[in-house]
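Each remark here refers to the structure printed beneath this line.
Every number here is computed from the coordinates shown, using simple stated rules; none is lab data. Worth saying up front: this structure is predicted, and the values here are computed from it rather than measured. Virtual Cβ from ideal backbone geometry, glycine too; neighbours counted across all protein chains shown.
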Amino acid sequence: MIRSTLLIMAALSLALPRLVLAAPQSYFYPFVNPYEATVMELPSYLEVKLPDRIPSREFTVHPFPGRQIPEVFWYEDGLTCTLAYQNHKAPLIFVIAGTGSSHDSSRMVKLQKLFYQAGFHVISLTSPTHMDFIVNASGGLPGDSLGDAQDLYRIMELAYSQIRGEIEVSGFALAGYSLGAFNAAFVANLDEQRKVFNFQKVLLLNPPVSLIESVTALDQLLVENVPGGMNQFEVWFKNALLQMAAVSRQMGPVELSCDFLYGAYKRLPPKVENVAALIGLSFRMNSANLVFTADVMNGGGYVVPKPPRLTASSPLTGYALVSYNTRFLDYYNDLLAPSHLQQEPGLAREALLERMSLRHLGAYLKNTDKIGLVHNEDDIILGPGDIDYLLGVFGSRARIFPTGGHLGNLLHPEVAGFMVDFLRAKEHKL
Amino acid sequence: MSADGLRRLWAGVVLGGILLGGCSTAARMKDVNSTPPLRSYEQLVGSGRHLLEVDDSLEGFNRGSYRFNYYFDGFLFIPMVRGYEFVLPNYVQGRLSNAFDNVGEFGNLTNSLLQFKLKSAGITVGRFVVNSTVGIAGLWDPATAWGLRRQSRNLGQTLACYGAGSGSYLVLPILGPINVRDASGMLLDTAAASLVGPAALWSGNTVASIAYTGTSAVDKRHRVPFRYRQTGSPFEYELLRMLNSMMGESGVPD
């Protein structure tokens, strides 16, 4: 009797979560502050279920085999990508990482599992703003919408040709998050002319509308939220790191990765200005990596001497400090924009700025049924009016969630569900 | 290489480091044949010592070791760690980590005594007794559950207690980043443990000695989550150095 009661209770407790899940649910997201939402991971019981392990392997492409890699990047040798493969014929989706992220960052691994679970082969690509990409795969200065799209397209062609003998592909799709989504829109547009892949579906996850406005907003988060201003940066930073060291006893040794910083912050009493400054800092560090690497790869003169002449054992501390004191906006104004204005006579500064925005592709995005969008109303990289603009362009192909910050809700079952449904749908129904 | 050989190599490296400590390799070079950059250190970076600017008079040597360790990690250490993780169930890995920690209590005890932390010394003795008996040769750690928390103390801290400065930053082959003070401390700790500590039991037996040193090294690497290039930054060497120096100053055990 007791045993059967226990069995019934056990069965009920197992069935209960499924019943709850099966019921139509309203979108629930635990963080209402967009900065916290951006930094904090979803508790695992609120996250979509993903497989522990999937069949995957890394492979390396060399888009410029003759390129002499500067000695200071002695650890670089080709661009590494990840392939997750189905054992049957399936569509192949390329996924592009966000600012400064690599093909194997934790968010990319989760997206890879999500798309694999949805029945796709997946090729994960490092962001064109990441050091590894700039050294091995950038054709010029990184950060230009059209140039980055061309570089990415070249990598996609190479990557596909390298693995096509191993998998059976029924068609192609494309996705990206944050800057990777911005890149994906320009790559999709390029594919309309080049027609190598003829993407059937393209999914943009939390893209910026205007790249320059977004990077300015992110940088301001650091400048405006360090207590006492940027002159007090080192005091704040040291303090924050030491607090993290204290929590690291529970978490294991301190690392300087964004994942660790975020993880440690989850264990500290969150102060909103700290969280905002941390987001800004993480962006500034990514941008410093880009500035230094791009300058060395393009002959120097901006943050390193011209020519750079750096070796494997050159001290880089001074250059690191200069790079950390350089905003992406400075790089754009001092290096990227002048270089394009010089290369393309007749190009106006305003036209170049407009090209660094999704508005440049407005007509294309509006009339192309295969492109879908996921975004959040409170995403911190958007400016006033951007959500209305996106709704106007994407219409019913857009799914805008009320909360989630920048990418905080990416693996929420409802968000992930929309992504998978959109990619799988034969035709988009308007 | 035998365990003794390794120990001798470290001794040489550390002594070399101490002897060279006075020299400087002039961090900022002026190159007459190149144009200075638009954004320069002088113009952008305020005066005073910045967190990234850590005393690194052995930088040339250190970057060499760093590079050596990068390849050692990639070609040997990490594959060994993966093999270890693949072959042994998580449960067994945890037991081995405990056993190595239990042997390490010897160093915690001597250093607690040298630092006059009598309470720590008492706790450490208690832990060793409980874990060696109830915990069966240290494979389990019941002492922690009974409220006796591990008291990590090393000779580097002891030297700091007696006023020794941290000395230059030092990257050792295989062992990784440390400073000169902690390296000297570690060397003496290891020597003391193998002469009179529990490890003396098998120090006469070369095979056992190598097996112990090798497995404990793999166990140690397995427990450190750092992987080269995970920062995605060309300044990874500088970032690690800064972190190491900040953690050292704050007295937080690594």
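Sequence-ordered 3J(HN,Hα) estimates for segment A:399-412 from the Karplus curve with 6.51, -1.76 and 1.60 and θ = phi - 60° stand at 10, 10, 9, x, 9, x, x, 8, 6, x, 9, 3, 9, 5 Hz, glycine and proline given as x. Each other residue within a Cβ distance under 12 Å of A:Arg194 adds +1 if Lys or Arg and -1 if Asp or Glu, for a net charge of -1. Within 10 Å of the Cβ of each residue in A:286-293, the mean number of Cβ atoms contributed by other protein chains is 2.
Residue order for A:Cys81, B:Cys161, fewest other beta carbons within 10 angstrom first, comes to B:Cys161, A:Cys81.
Of the peptides B:93-104, A:125-136, the ranking by mean beta-carbon count within 10 Å, highest at the top, reads A:125-136, B:93-104. The calculated pair-distance distribution of segment B:29-117 uses every alpha carbon pair, bins of 10 angstrom beginning at 0, and gives 12, 17, 24, 25, 12, 10, 0 percent.
Taking the square roots of five times each eigenvalue of the Cα gyration tensor of segment B:55-250, the equivalent ellipsoid has semi-axes of 28, 23, 16 Å, listed largest first. In order along segment A:31-46, the phi-based Karplus estimate (6.51 cos²θ - 1.76 cosθ + 1.60, θ = phi - 60°) of 3J(HN,Hα) comes to 10, 8, 7, x, 6, 4, 4, 5, 8, 7, 7, 5, x, 4, 6, 9 Hz; Gly and Pro are listed as x. In chain A, inverting the average of 1/r over every pair of distinct C-alpha atoms gives 23.0 Å as the Kirkwood radius. Computed from phi, the 3J(HN,Hα) profile of segment A:121-128 under the Karplus parametrisation 6.51, -1.76, 1.60 (θ = phi - 60°) reads 6, 10, 10, 9, 10, 5, 5, x Hz, with x in place of Gly and Pro. In straight-distance terms, cross-link reach from A:Lys238 covers every one of the aspartates and glutamates whose alpha-carbon lies under 13 Å from its own, apart from those fewer than eight places away in the same chain; here that gives B:Glu249. Listed by chain and number, the lysines whose C-alpha is less than 25 Å from the C-alpha of A:Lys366, apart from same-chain residues fewer than 8 away, are A:Lys195, A:Lys201, A:Lys426, A:Lys429. Take each peptide in A:169-182, B:173-186, count the other Cβ atoms within 10 Å of every residue, and average; sorted highest first, the result is A:169-182, B:173-186. Look at the stretch B:49-56: the mean tally of other chain Cβ atoms within 10 Å of its residues' Cβ atoms is 4. Residues whose amide H comes within less than 5 Å of that of A:Phe172, counting only those at least five positions distant or on another chain, are A:Leu92, A:Gln200 (H built at 1.01 Å from N in the peptide plane). Look at where the Cα atoms of segment A:213-235 and of segment A:123-144 average out, and the two centres are 26 Å apart. Taking amide H as placed 1.01 Å from N in the peptide plane, the amide H of A:Arg309 sits under 5 Å from none that are at least 5 places away or on another chain. The order of A:His62, A:His375, A:His340, B:His50, going from fewest to most other C-beta atoms within 10 Å of their C-beta, is A:His62, B:His50, A:His340, A:His375.
Amide H to amide H, with H built 1.01 Å from N, B:Leu172 comes under 5 Å of B:Ile178, counting only residues 5 or more places away or on other chains.
Residue order for A:Tyr331, A:Tyr27, B:Tyr91, A:Tyr153, fewest other beta carbons within 10 angstrom first, comes to B:Tyr91, A:Tyr27, A:Tyr153, A:Tyr331.
Net charge near A:Tyr116: determine it from the other residues with C-beta under 11 Å of the C-beta of A:Tyr116, scoring Lys and Arg +1 and Asp and Glu -1. Charge balance near A:Tyr116 sits at +3.
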